[in-house]
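Novice: First the structure, then my questions, so here it is.
The values are calculated or read from the model by the stated rules, or taken from the named source; none is laboratory data. All of these numbers come straight from a predicted model, not from anything done at the bench. All Cβ positions, glycine included, derive from the backbone under ideal geometry; neighbour counts span all protein chains shown. Note: areas computed on protein heavy atoms with side chains; ligands, DNA, RNA excluded. Shrake-Rupley method; radii C 1.70, N 1.55, O 1.52, S 1.80 Å.
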Amino acid sequence: MTTRRDFLKSSAWTSAASLAGLAGAPQFAFGQSSNGKTIIKVFMRGGADGLHLFPPTLDPFYREYRPNLAIDEPNQQDAYSAIDLGQSYRSLNPNLWALQEIWDEGRLMIAPATALPEGNRSHFDNQRWIGTGAQDNYIDGYLNRYMQRVSGPDHSLRGAILGKTSESREITGDVTIPALRGEGGFDISNRWYCTDADTGACAEHSLTEFMREFGTNEVTGSDMEQHIRDNQFATVEAIDEVATAESSYSLSSEASAAGLSYSDTQTGRGLKVAAQLIKAGIPLEVACIDWNVGWDSHSNQITSATANDRFVNTELETGAMDFLTFYRDLGGLMDNVVVVVGTEFGRTVLENGSLGTDHGHGGPWFAFGGPTNRVIAPDVSTLDRDELLLTRYIPTVTNYRDIIGEIMVRHMGMSEELISIIFPGHNFTDLRLFG
């Protein structure tokens, strides 16, 4: 694998398709229309630690509260020290070195104290509420509501879950969403729909063809039968589109020349599928991917309290390299794509006795691509604050809905009037993080 030092010197995955939600006619409003842009939401499930990903190494209280977990101040001679971002308060975790290129090019935004202000410290509640955009368990996800309210292409891959088949609450709802775990030709086989039912030879995948034909027919039965028919047709359409996109795809020379490639993780697979679809001209507007690194770090957040390499985290490094691979792979197409990465909450300011941290409030979010500005979003100015001393938590300084809302307005071209509908009752604050 390309390492930080190497990079600076050189400067049939199997596919499965499933469906999240039931088909339903979008309810367009305000005559809005999409403009050929894409937003990709990446979720760090488990509660990522903002003080670890973007350490305030110059804060005089940082090392006091984290005597073992505190990352050293930037030092070019030390590969395990933080990376200087050229601003006084926040640095970059050494495992995230691959993101420095995007920052240096002025296309990375960091919001290190972000959450849902009315949330709590429950994984399940916060993940669900962040997905719906409100403290409501029953409404559709905010990305699905976006597709219902903003008229876009009539295409089975307008929205998708990529790299996995499990549900992403943000994109679940009335609009049918395919979930694509991997790449490669994908067909559905069954011995009764084969060319030779006696031998079970299914080379022609007749069941897929049957589903395609059935999906184009009108259904006069129940609403559920109509939903099944619509979902079936969307599945087959997605199979065809993914196969076509994969067959025409190649990693860009900019990425391959640097020794970059996508990892075989949920994140790497998801970003690769996104690149395939976008480069093939498929009008993917919204997509959800997961980045799993064991973010729920109650213990063993680092390997030891004394080892020189205690801050090495290969999974964290792999994810950052997947982001850089995607960035280089798309090249100029990144003008049309924003990747926004977030978590349900942050961690405690104080480390615990198990070399870990516990559930907190404000957590790390970041975004790159499209009109993203190189900026640190509103943040705490120092860890020595009465609020922190009393509660042990980084406060929620940035409302994540303002980040997503601004992306939808500045990047996707949505009317600002729709933000309070996508995020029910939310009073939008323009932080000028994009555009």
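Novice: What tally of residues in the stretch 308-339 results from selecting those that are over 18 Å from the mean Cα position of the chain (by Cα), part of a helix (DSSP H, G or I) and either crowded, with 21+ Cβ neighbours inside 10 Å or small (Gly, Ala, Ser) (or both)?
Specialist: Total meeting the criteria: 2.
Novice: Just the residues that are assigned to a loop (DSSP other than H, G, I, E, B), closer than 15 Å to residue 142 by Cα and of a type in the set (A, V, I, L, M), please, taken from the stretch 413-435.
Specialist: If the condition is that a residue be assigned to a loop (DSSP other than H, G, I, E, B), closer than 15 Å to residue 142 by Cα and of a type in the set (A, V, I, L, M), then 414 is the only one that fits.
Novice: Right, next: I'd like to check something: does the stretch 392-400 contain any residue that is at pLDDT 95 or above and part of a helix (DSSP H, G or I)?
Specialist: yes
Novice: If you take the residues in the stretch 385-435 that are acidic (Asp, Glu) and crowded, with 20+ Cβ neighbours inside 10 Å, which one is nearest to residue 106 (Cα to Cα)? Give the derivation first.
Specialist: Within the stretch 385-435, the first condition is being acidic (Asp, Glu), and the residues that meet it are 386-387, 402, 406, 416-417, 430.
Filter again for crowded, with 20+ Cβ neighbours inside 10 Å, leaving 402, 406.
Details: 402: 20, 406: 18 Å.
It comes out as 406.
Novice: Also, I was wondering about something else. Since residue 377 meets every condition but one in (1) at pLDDT 95 or above; (2) open to solvent by 40 Å² or more (accessible area, probe 1.4 Å); (3) not acidic (Asp, Glu), which condition does it not meet?
Specialist: Residue 377 satisfies every listed condition except (2).
Novice: Moving on. Within the stretch 281-296, can you find the residues that are open to solvent by less than 10 Å² (accessible area, probe 1.4 Å) and either part of a loop (DSSP other than H, G, I, E, B) or at pLDDT below 95 (or both)?
Specialist: Hits for the stretch 281-296 are 284, 285, 291.
Novice: May I pose another question? Looking only at the stretch 353-403, which residues are farther than 20 Å from residue 131 by Cβ and among the β-branched types (Val, Ile, Thr)? Full working, then the answer.
Specialist: First, the residues of the stretch 353-403 that are farther than 20 Å from residue 131 by Cβ: 353-358, 368-395, 397.
The answer is 357, 372, 375, 376, 380, 382, 391, 394, 397.
Novice: Looking at 199, 195 in this structure, which one is at pLDDT below 60, more than 30 Å from residue 319 (Cβ to Cβ) and touching a strand residue (DSSP E or B) at 6+ places or on another chain (Cβ under 8 Å)? Give the steps one after another, and end with the answer.
Specialist: Numbers: 199 fails: touching a strand residue (DSSP E or B) at 6+ places or on another chain (Cβ under 8 Å).
Just one listed residue meets the conditions, 195.
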